[in-house]
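These notes concern the structure reproduced below.
The values are calculated or read from the model by the stated rules, or taken from the named source; none is laboratory data. Note that the structure is predicted; figures quoted are calculated from it, not measured. Neighbour counts are summed over all protein chains in view; Cβ atoms, including those assigned to glycine, are modelled from backbone coordinates with ideal geometry. Just the protein is used for accessible areas: all its heavy atoms, side chains included, with ligands, DNA and RNA removed. Shrake-Rupley method; radii C 1.70, N 1.55, O 1.52, S 1.80 Å.
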Amino acid sequence: MSALPNTAAPRIAVFGAGAIGLYLSSRLLAAGLPVTLVNRPGSPLPLPLTVEDGERSVVHTDFPVLAADRPKVHDFVIVTIKAQELPAAWPQIRPWLGESGQLVVAQNGLPWWFLHRLDAGSVLRAADPDGRLLRGIDLARTIACVIHKSVDRIAPDHVRAFAVPGDRFVFGRPLVSDENAADVAVDRLIAAFSAAGLKAESGGDIAGAIWDKLLGNVVLNPLSAISGLDMAALLADPAHYRTIVAGMREAQAVALANGLPAGRPPEERLARTAQVAASGHFRTSMLQDRRAGKALELEPIVGAVLELARRRAVPTPTLARLYAEAGQLSP
């Protein structure tokens, strides 16, 4: 764990008390960083809270929590709520940023600005139904975060993270004119994560990094919710494995049709998935949400890919079927 002088420590708010929000808050707090967890009003955090990460385990008997409707300005606001919740939550998030705070979006699926990057002014309706995010959020003060870390909330007061090779957090700007240009805010955020013992790096092509992660999520998430199986069981079933590969190849075809890199071959991409599966009974975020009776992240993860497919008339029968079947499970 590298040292970060307290005078240089940024004020960080983590907006969202789900599995990844609790995990990040715990790790940053353990490094002595000034962190505030932002939770829904009237939703107290269950204490004591246990956060596991491999062989590391921390029990929090106290936690710096504020309700979302009691904003205080921070240098960074890391948003970890579900992507489909962002349009409604944006009015509550905005006051936490003040005039110079940086919005850090750490969510699954394609973000609201993704289609705008491909076709200026175009709105990705699956992530931003009425275009309010594209109109209202300053992309010059926005940092995208791709999370390569599997975390499960196994109980309201117990979070378990799976430590596997390749764990990291990738940061980058949605719109960059010069990928080699220095970015003080991104460098400061990476330093804070590094001080907490979290591997963090700057990704020059953040859109490519987002798509590479989505390549697995677009199939694994809905299929796990439909089947009720954890990652290991999904990969072990020959029929499910064929479905996973077929869906990933459809997503790659969508990428190529929209001028994006196809990404790694499905089998290579699934190698990391197999590492996560081997580390324990890991449930995807959609399976966790289904068992908790929550709405599934279908639109930003699957609906967004289908939206891009329709723009270029790319056939996606596997993804369309998974989208329809999983949609019947979402409240």
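Restricting attention to the stretch 2-10, does a residue exist that is of a type outside the set (Lys, Arg), in contact with a strand residue (DSSP E or B) (Cβ under 8 Å, 6 or more places away or on another chain) and over 16 Å from residue 143 (Cα atoms)? Within the stretch 2-10, none of the residues are of a type outside the set (Lys, Arg), in contact with a strand residue (DSSP E or B) (Cβ under 8 Å, 6 or more places away or on another chain) and over 16 Å from residue 143 (Cα atoms).
If you scan the stretch 190-201, which residues turn out to be more than 22 Å from residue 162 (Cβ to Cβ) and in contact with a strand residue (DSSP E or B) (Cβ under 6 Å, 6 or more places away or on another chain)? Scanning the stretch 190-201 gives a single hit, 190. Restricting 264, 269 to those that are free of Cβ contacts under 8 Å to residues at least 60 places away in the same chain, open to solvent by less than 40 Å² (accessible area, probe 1.4 Å), more than 17 Å from residue 316 (Cβ to Cβ) and not hydroxyl-bearing (Ser, Thr, Tyr) reduces the list to 269.
Against the condition in a helix (DSSP H, G or I), open to solvent by 40 Å² or more (accessible area, probe 1.4 Å) and more than 21 Å from residue 325 (Cα to Cα), how does residue 212 come out, does it pass? Taking the combined requirement at face value, the residue does not satisfy it. Within the set 100, 122, 150, the sole residue that is among the polar types (S, T, N, Q) and either crowded, with 16+ Cβ neighbours inside 10 Å or in contact with a Lys or Arg (Cβ under 6 Å, 6 or more places away or on another chain) (or both) turns out to be 150.
Under the condition of being small (Gly, Ala, Ser) and touching an Asp or Glu at 6+ places or on another chain (Cβ under 6 Å), which residue from the stretch 125-162 is farthest from residue 88 (Cα to Cα)?
161
Name the pairs whose Cβ atoms lie under 7 Å apart, with the first residue in the stretch 188-217 and among the hydroxyl-bearing types (Ser, Thr, Tyr), the second modelled with pLDDT of 90 or more, and 6 or more positions between them or separate chains? Close Cβ pairs (under 7 Å, with a partner that is modelled with pLDDT of 90 or more) amount to 194/200; 202/171; 202/172; 202/186; 202/190.
Could you tell me which residue of the stretch 50-65 is most open to solvent (accessible area, probe 1.4 Å), considering only residues that are under 22 Å from the mean Cα position of the chain (by Cα) and closer than 22 Å to residue 104 by Cβ?
65
Taking the listed residues 81, 93, the one that is in contact with a Phe, Trp or Tyr (Cβ under 7 Å, 6 or more places away or on another chain), open to solvent by 20 Å² or more (accessible area, probe 1.4 Å) and under 25 Å from residue 23 (Cβ atoms) is 81, with no other qualifying.
Taking the criterion of being of a type in the set (Lys, Arg) and crowded, with 21+ Cβ neighbours inside 10 Å, no residue of the stretch 305-331 qualifies.
Taken together, the residues in the stretch 272-304 that are loosely packed, with under 15 Cβ neighbours inside 10 Å and over 27 Å from residue 330 (Cα atoms) amount to 1.
Within the stretch 235-247, does at least one residue satisfy the condition of being surrounded by 21 or more Cβ atoms within 10 Å (Cβ to Cβ), part of a helix (DSSP H, G or I) and at pLDDT below 95? Within the stretch 235-247, none of the residues are surrounded by 21 or more Cβ atoms within 10 Å (Cβ to Cβ), part of a helix (DSSP H, G or I) and at pLDDT below 95.
Kindly establish whether residue 133 is without any contact (Cβ under 8 Å) to a residue 40 or more places away in the chain, open to solvent by less than 50 Å² (accessible area, probe 1.4 Å) and of a type outside the set (Asp, Glu). Here the answer is no, as residue 133 does not meet what is asked. Of all the criteria given as (1) open to solvent by less than 40 Å² (accessible area, probe 1.4 Å); (2) assigned to a helix (DSSP H, G or I), the one not satisfied by residue 45 is (2). For the stretch 165-187, filtered to residues that are part of a helix (DSSP H, G or I) and aliphatic (A, V, I, L, M), the residue that is farthest from residue 76 (Cα to Cα) is 184. In the stretch 188-209, the condition of being outside any helix (DSSP H, G or I), modelled with pLDDT of 95 or more and closer than 19 Å to residue 326 by Cα is met by no residue.
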